[in-house]
Amino acid sequence: MSRTINLALISSLLFFMANTAQADAGVGEQIYKHCKVCHGVKGWGGKEGKYPRIAGLPQYYLEKQLADFKGRKRINKPMVPVFKNWRFNQDAITAVSAFVSQLSLAGFERTHYEPSPEVLAQFDGKDEMLEVGEDIFQDCIQCHGEQARGKEDKESPPLVNQYPNYLRKQIVEFASGHRTHENSESLFGELETDEIEALLAYLNSQAD
Ligand code: HEC
Ligand code: HEC
C-alpha cells in the first residue's frame, strides 16, 4: 500500500474517531441527567460520601463498574432503578462513562479526614497514624500506583479525592466479600479497624 493511501486512511480513521467521541459525549450528557440527583451536577458526589465522587474517574473503571452494577456483580441497590431502564445498554454505558470521565474536579474540595479521638488514641499522634497508613499502602502501590492515582494497565481506580466514608465502606465490603477485589483476603481480611482508619488518613493526605 502506498504511503499516500496510508496517510489518507489514517486521517479519515482519526476523523471518524474524533466524531464518534463527540457524539458519545453528547449522548453521555443526556444520560447523565439520570445520575445528577445522587452524584450531583458535576459528578462530585455528596452526603459525606454516601454518593461517591465519580467525575474524572478513568473511563475503563467507570465502564466496568456500570457493567458490574447492571449484571449485579457489584450490588448497589439505589442504582437498581437506573438499570431497569431498557435503554441502559452497553452503548449507553460507554457514552455516559466517556462523559463522566471528562468532568472536571477543578474547585472540588475534598472532605478532609479527621480521626475521632478514640481512633487517634490508638496511635502516638497523627504522624504515627500516617506512617502506619503509608506502611499498609505499600501492599497497594503495585496496582493503585504512587500517591494512589490509579493505573490503567491494572485497571485500578484512583483512591485520592474520594470521600473517606465511601472508601471505608468499600474496604469493609472487600473484607467481608460483599464486593470483589483481587487478593481481598490477604489484603483486607486481616486489617484491624484502626489500620483501616490509618489507611484512610494516609490516602486523604495524598490528594492534591
Ligand atoms: C438513586 C441514587 C443514584 C443514582 C440515580 C445513580 N447513582 Fe451511582 N451510585 C449511587 C450510590 C449510593 C453509589 C455507591 C455504592 C456503594 O456504596 O458501593 C454509587 C456508585 C456509583 C459508581 C461507583 C463509583 C466508584 O468509585 O466505584 C459509579 C461509577 C456510578 N455510581 C455511576 C452512576 C451513573 C453513571 C449514574 C447515572 C446513569 C448513576 N450512578 C446514578 C447512587 C446513585
Ligand atoms: C492486584 C492489584 C491490586 C492491589 C494489590 C490492590 N488493588 Fe485495590 N483495586 C484494584 C482494582 C483492579 C480495582 C477495581 C475493582 C473493580 O473493578 O471493582 C480496585 C479497587 C479498589 C477500591 C475501590 C475504589 C472505588 O472507587 O470504589 C479500593 C477502595 C481499593 N481498591 C483499595 C485498595 C487498597 C487499600 C489496597 C491495598 C491494601 C489495594 N486496593 C490493593 C487492584 C488492586
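The values are calculated or read from the model by the stated rules, or taken from the named source; none is laboratory data. Values in this document were obtained by computation on a predicted structure and should not be read as measured data. Glycine gets a Cβ as well: all are built from the backbone with ideal geometry, and neighbour counts include every protein chain shown. Ligands, DNA and RNA are excluded from the accessible area calculation, which covers all protein heavy atoms including side chains. Shrake-Rupley method; radii C 1.70, N 1.55, O 1.52, S 1.80 Å.
In this structure, is His181 open to solvent by 40 Å² or more (accessible area, probe 1.4 Å) and either assigned by TED's automatic domain parsing to the domain that holds Glu192 or touching a Ser or Thr at 6+ places or on another chain (Cβ under 6 Å) (or both)? Before the answer, list the steps.
Working: open to solvent by 40 Å² or more (accessible area, probe 1.4 Å): yes; either assigned by TED's automatic domain parsing to the domain that holds Glu192 or touching a Ser or Thr at 6+ places or on another chain (Cβ under 6 Å) (or both): yes.
So His181 fits the description; yes.
Looking only at residues in region 51-61 that are within 10 Å of ligand 2 (Cβ to nearest atom) and not in a loop (DSSP other than H, G, I, E, B), which one is surrounded by the fewest Cβ atoms within 10 Å (Cβ to Cβ)? Quick ask: steps written out before the conclusion?
Step one: filter region 51-61 for residues within 10 Å of ligand 2 (Cβ to nearest atom), giving 52-54, 57, 60-61.
Then keep just the ones that are not in a loop (DSSP other than H, G, I, E, B); that gives 60-61.
Working: Tyr60: 15, Tyr61: 18.
Here the residue is Tyr60.
Test Arg72 against the stated conditions and say whether it is part of a loop (DSSP other than H, G, I, E, B) and at pLDDT 90 or above. Explain how you work it out, then say what you get.
Numbers: part of a loop (DSSP other than H, G, I, E, B): yes; at pLDDT 90 or above: yes.
Yes; evaluated as a whole, the condition is true for this residue.
So how many residues does region 146-172 have that are in a helix (DSSP H, G or I), in contact (Cβ under 8 Å) with a residue 12 or more places away in the chain and either out of contact with any Leu (no Cβ under 7 Å at 6 or more places or on another chain) or surrounded by 18 or more Cβ atoms within 10 Å (Cβ to Cβ) (or both)? Break it down stepwise before answering.
First pass over region 146-172, keeping only residues in a helix (DSSP H, G or I): 146-148, 152-154, 164-172.
Imposing the further condition that a residue be in contact (Cβ under 8 Å) with a residue 12 or more places away in the chain reduces the set to 147-148, 152, 154, 164-169, 171-172.
Filter again for either out of contact with any Leu (no Cβ under 7 Å at 6 or more places or on another chain) or surrounded by 18 or more Cβ atoms within 10 Å (Cβ to Cβ) (or both), leaving 147-148, 152, 154, 164-167, 169, 171-172.
Qualifying residue count, region 146-172: 11.
Looking at region 34-50 only, could you name the residues that are in a helix (DSSP H, G or I) and among the hydrophobic types (A, V, I, L, M, F, W, C)?
If we filter region 34-50 for residues that are in a helix (DSSP H, G or I), which is where we start, we get 36-39, 47-49.
Within region 34-50, Val37, Cys38 qualify.
Restricting attention to region 108-116, does a residue exist that is among the polar types (S, T, N, Q), more than 10 Å from ligand 2 (Cβ to nearest atom), under 20 Å from Tyr61 (Cβ atoms) and not assigned by TED's automatic domain parsing to the domain that holds Gly46?
As a first pass, look at region 108-116 and keep what is among the polar types (S, T, N, Q): 111, 116.
Next, from what is left, pick out any that are more than 10 Å from ligand 2 (Cβ to nearest atom): 111, 116.
Next cut, under 20 Å from Tyr61 (Cβ atoms) only: none.
No, region 108-116 has no match at all.
Scan region 81-106 for residues that are within 9 Å of ligand 1 (Cβ to nearest atom), among the hydrophobic types (A, V, I, L, M, F, W, C) and open to solvent by 30 Å² or more (accessible area, probe 1.4 Å) and report the count. Write out each step before concluding.
The initial filter retains those residues of region 81-106 that are within 9 Å of ligand 1 (Cβ to nearest atom), namely 81-83, 85, 88, 92-93, 96-97, 99-100.
From the residues that got through so far, the ones that are among the hydrophobic types (A, V, I, L, M, F, W, C) too are 82-83, 88, 92-93, 96, 99-100.
Filter once more, so that each one left must be open to solvent by 30 Å² or more (accessible area, probe 1.4 Å): 82.
Number of matching residues: 1.
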From Gly46, Gly71, which residue is under 19 Å from Arg168 (Cα atoms), surrounded by fewer than 17 Cβ atoms within 10 Å (Cβ to Cβ) and not assigned by TED's automatic domain parsing to the domain that holds Asn161? Gly46
Could you check how many residues of region 78-125 are within 18 Å of the chain's Cα centre (by Cα) and in a helix (DSSP H, G or I)? 11
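This table checks each residue for (1) modelled with pLDDT under 95; (2) away from ligand 2 (no atom under 14 Å from the Cβ).
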| residue | (1), (2) |
| --- | --- |
| Ala121 | no, yes |
| Asp139 | no, no |
| Glu146 | yes, no |
| Lys154 | no, no |
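Identify all residues within region 112-145 that are closer than 22 Å to Ser184 by Cβ and either open to solvent by 70 Å² or more (accessible area, probe 1.4 Å) or not hydrophobic (A, V, I, L, M, F, W, C) (or both); write none if there are none.
Going residue by residue through region 112-145, those that are closer than 22 Å to Ser184 by Cβ are 132-145.
Residues satisfying the conditions are Gly133, Glu134, Asp135, Gln138, Asp139, Gln142, His144, Gly145.
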